[in-house]
Amino acid sequence: MQADERVAVVSGGANGIGAAIVDRLAGRGHPVASLDLAGPAGARPGVTEIGCDIGDGDAVASALSRVRSDLGAPSIVVHCAAYQHLAPFDALEPSDWGRTFRVNVDGAFHLVRTALPDLRSRGWGRIVFITSSSFYAPPPGMTHYIASKGALTGMARGLSVELGADGITVNAVAPGLTRTENAVRNVPEEHFARVRDRQAIPRSGEPEDIAGAVAYLVSDDASFVTGQTLLVDGGESRL
């Protein structure tokens with residue numbers, strides 16, 4: 001199957017890291033569907049934009065039906081949609097915990113479960129979860145978020161065992177602090193500087209750095225890589 005026949009579905013593809021992934025895959029010739037509640041910053045020729053609440057199983061099923069109708073059956077699934085809310089654990093509301101897992105973990109469940117018959121029917125598939133380097137070096141005020149990303153890490157490992165015989169690889173990419181529009185708006189510049197000081201590569205991560213890792217994992221070059229987490233954090237985490 002040629003790259004331009006491999007349909008990619010990216011959740012959270014409207015902005016930030018997700019948008020960079022959409023652009024990278026589209027640039028490599030993949031038909032790409034972006035699933036997001038938000039709209040993109042501008043028109044993206046060749047990208048099918050689908051409004052979708054990734055935490056709603058029925059909405060995901062409807063979105064994937066449109067993907068099959070407009071682009072064809074998906075072969076590549078990238079779950080990038082995420083909800084992040086900073087709060088110490090003892091101040092965390094149950095609704096915050098629930099929304100974090102609904103988007104970050106339930107969203108992955110709905111997306112993979114709905115697309116899996118398509119991947120299996122082709123005997124070829126790539127699944128990538130965007131997790132977080134915070135799982136390896138947890139900062140305060142993010143226990144719920146870190147727990148959700150840890151769940152995705154475990155999901156990638158478990159699914160890799162179940163799906164390997166079907167020609168499907170399952171991996172995770174764990175970004176460090178990345179200079180997205182949202183991060184620049186909400187993270188003080190001095191915090192970016194402190195993170196750079198801890199990294200082996202003394203520059204801030206960019207969304208395109210994550211997109212490059214995803215592009216590798218969904219390519220034929222990564223056909224023997226599964227169940228892994230690729231840290232993309234400039235060497236801040238040295239595992």
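The values are calculated or read from the model by the stated rules, or taken from the named source; none is laboratory data. Since this is a predicted model, take the numbers as computed values, not measurements. Neighbour counts are summed over all protein chains in view; Cβ atoms, including those assigned to glycine, are modelled from backbone coordinates with ideal geometry.
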Selection count, region 166-202, where residues are under 29 Å from Ser219 (Cβ atoms) and of a type in the set (Asp, Glu): 2
Any chance Gly46 is at pLDDT below 95, farther than 19 Å from Asp118 by Cβ and touching a helix residue (DSSP H, G or I) at 6+ places or on another chain (Cβ under 6 Å): yes
Among the candidates Val214, Val195, residue that is modelled with pLDDT of 95 or more and crowded, with 16+ Cβ neighbours inside 10 Å: Val214
Members of region 131-188 found to be assigned to a strand (DSSP E or B) and either within 16 Å of the chain's Cα centre (by Cα) or surrounded by fewer than 20 Cβ atoms within 10 Å (Cβ to Cβ) (or both), listed by number: Thr169, Val170, Asn171, Ala172, Val173, Ala174, Pro175, Thr178
Inter-residue pairs, beta-carbon under 7 Å, first of a type in the set (Ser, Thr, Tyr) and in region 38-58, second part of a loop (DSSP other than H, G, I, E, B) and surrounded by 14 or more Cβ atoms within 10 Å (Cβ to Cβ), 6+ apart: Thr48/Leu71
Filter result (hydroxyl-bearing (Ser, Thr, Tyr) and closer than 13 Å to Ser11 by Cα) within region 67-113: Tyr83
Qualifying residues in region 89-112 (those that are small (Gly, Ala, Ser) and buried (at least 18 other Cβ atoms within 10 Å of the Cβ)) - the one nearest to the chain's Cα centre (by Cα): Ala108
Qualifying residue in region 178-189 (condition: touching a His at 6+ places or on another chain (Cβ under 8 Å) and modelled with pLDDT under 95): no
Breaking point among (1) under 20 Å from Gly13 (Cβ atoms); (2) modelled with pLDDT of 95 or more; (3) surrounded by 16 or more Cβ atoms within 10 Å (Cβ to Cβ); (4) over 13 Å from the mean Cα position of the chain (by Cα), for Val128: (4)
Members of region 25-43 that are within 22 Å of Gly107 (Cα to Cα) and modelled with pLDDT of 85 or more: Leu25, Pro31, Val32, Ala33, Ser34, Leu35, Asp36, Leu37, Ala38
Helices (runs of 4 or more DSSP H) enclosed by region 1-110 - at least 2 residues per element that are within 21 Å of Thr131 (Cβ to Cβ): 16-27, 94-101
Tally of residues being within 20 Å of Tyr216 (Cα to Cα) and among the charged types (D, E, K, R) across region 123-165: 2
